[in-house]
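What follows is one structure encoded as structure tokens, with my remarks underneath.
Throughout, read-outs are computed from the coordinates displayed, never taken from laboratory work. This is a predicted model, so every value here is computed, not measured. Counting neighbours? That spans all protein chains shown, and the Cβs are built from the backbone with ideal geometry, glycine included.
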Amino acid sequence: MTSPTDVLHAAAKHMEDRASTYDTLGGERSMEKTVRMFNALLDGDRFMTTEQGWMFMALLKIVRSQQGDFKLDNYEDLAAYAALAAEAAYVTNPTGPESGATKVDGPRTTR
């Protein structure tokens, strides 16, 4: 049986592997560019943030996990996307005792 820790370690390994294949040694960084391109398609009607892009991918993995045969990869990717969404949210709107910032009500928006 796979433990939650095993899933998280596998998710981290996937991010490292994909970073060396597609992005930078600093990690997975394709979402910001993807969101900019998606926003260009919307032609100013609405905008998606990088955080929302990762949340979209997490939802995709949740849906896929409910279709077809069990694939552990769906859950590993879901964990990775959640971590990437958290990073994007923190960069956009850092809060918490370690940051010295305070939370601002309302949606996060970046372009």
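From the list F70, F47, which one is in contact (Cβ under 8 Å) with a residue 24 or more places away in the chain and not in a helix (DSSP H, G or I)?
Result of the check over F70, F47: F47.
Being in contact (Cβ under 8 Å) with a residue 24 or more places away in the chain and either of a type in the set (F, W, Y) or on the phi > 0 side of the Ramachandran plot (or both), is that true of even one residue in the stretch 27-44?
Looking through the stretch 27-44, none of the residues is in contact (Cβ under 8 Å) with a residue 24 or more places away in the chain and either of a type in the set (F, W, Y) or on the phi > 0 side of the Ramachandran plot (or both).
For the subset of the stretch 33-73 comprising residues that are charged (D, E, K, R) and surrounded by fewer than 13 Cβ atoms within 10 Å (Cβ to Cβ), which member is nearest to A11 (Cα to Cα)?
Looking only at the stretch 33-73, we keep the residues that are charged (D, E, K, R), and these are 33, 36, 43, 45-46, 51, 61, 64, 69, 71, 73.
From the residues that got through so far, the ones that are surrounded by fewer than 13 Cβ atoms within 10 Å (Cβ to Cβ) too are 33, 43, 45-46, 69.
Working: K33: 22, D43: 34, D45: 34, R46: 31, D69: 20 Å.
Taking the candidates together, the pick is D69.
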